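What follows draws every value from the coordinates through simple rules; no lab data is involved. This structure is a prediction, so every number in the text was calculated from the model and none was measured. Because the Cβ atoms are built from the backbone with ideal geometry, glycine has one as well, and the counts that use them run over all protein chains shown.
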Amino acid sequence: MRPSKRDELVQEALKVFYQNGFTATGMDMLVKKTGISKTSMYKHFRTKDDLILAVLRLRDEQLRNWFFRRVEELASSPLGQLLAVFDVLEEWFQQPDFQGCMFIKASSEFQCVDDPIYNQCTEHKKLMFNSVLKIVRELETDSGKLSPEIAEKLTRQLFLLKEGAIVLKHMRVSGSAGLEAKEAAVSLLQANGIRNV
């Protein structure tokens, strides 16, 4: 099915915002880069913020679907999938158009906790966190499954590694941030008694 004009606009705007940021991208730049008239934009979105929200929703859907589909393609066991999270992260980092996390960037531009854009960014991170938590809950130790409290704590620690790797790669502090985060994740898993790490 052919995408609607609105869908095309959101897809094109995503590329422009990802490359240039949200505050720095005005409607005139969007018109120039997307080839879509200002009239058409305002027909589908009352404000630039409405367009940003639509872009973030699309990015969330695309990124999460791709990310966890790749995780499942790379491994079938919970431990394998958890380590594959960092392999997929490294795949993302190696893409020529990688310019960091759109949600980290948006939340730094829209910092008010009541802002719908900030909340959309928070929602994305919660969904990513919960997907990782689901994998962690399936891990085995010598004494069985992790307790809910330990699983949650371990997921927070692994998530810190994941998010830190994104920032360090984006800032060009580390050339292999995903793999370095994976090494740290292995140590963390071993320290928590996870089997066969």
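Were the residues from Arg137 through Glu123 laid out at 0.36 nm apart, the gain over their Cα-Cα distance would be 3.0 nm. Students often get this wrong, so check it: of Lys32/Lys169; Lys125/Lys153; Lys48/Lys105; Lys32/Lys125, which have C-alpha atoms separated by over 21 Å? Result: Lys32/Lys169; Lys32/Lys125 exceed 21 Å.
For the chain, a Kirkwood radius taken over Cα pairs fed into Stokes-Einstein (10 °C, viscosity 1.306 mPa s) yields D = 87 µm²/s. Helices in the chain, meaning DSSP H runs of at least 4 residues, each add -39500 (n - 2.57). Divided by all residues, the mean residue ellipticity at 222 nm is -24000 deg cm²/dmol.
Model label sites at Gln95 and Gln190, defined 7 Å from Cα along the beta-carbon direction, differ in position by 3.2 nm. Cβ crowding within 10 Å, taken as a proxy for footprinting-reagent exposure, orders Asp50, Asp60 from fewest neighbours to most as Asp50, Asp60.
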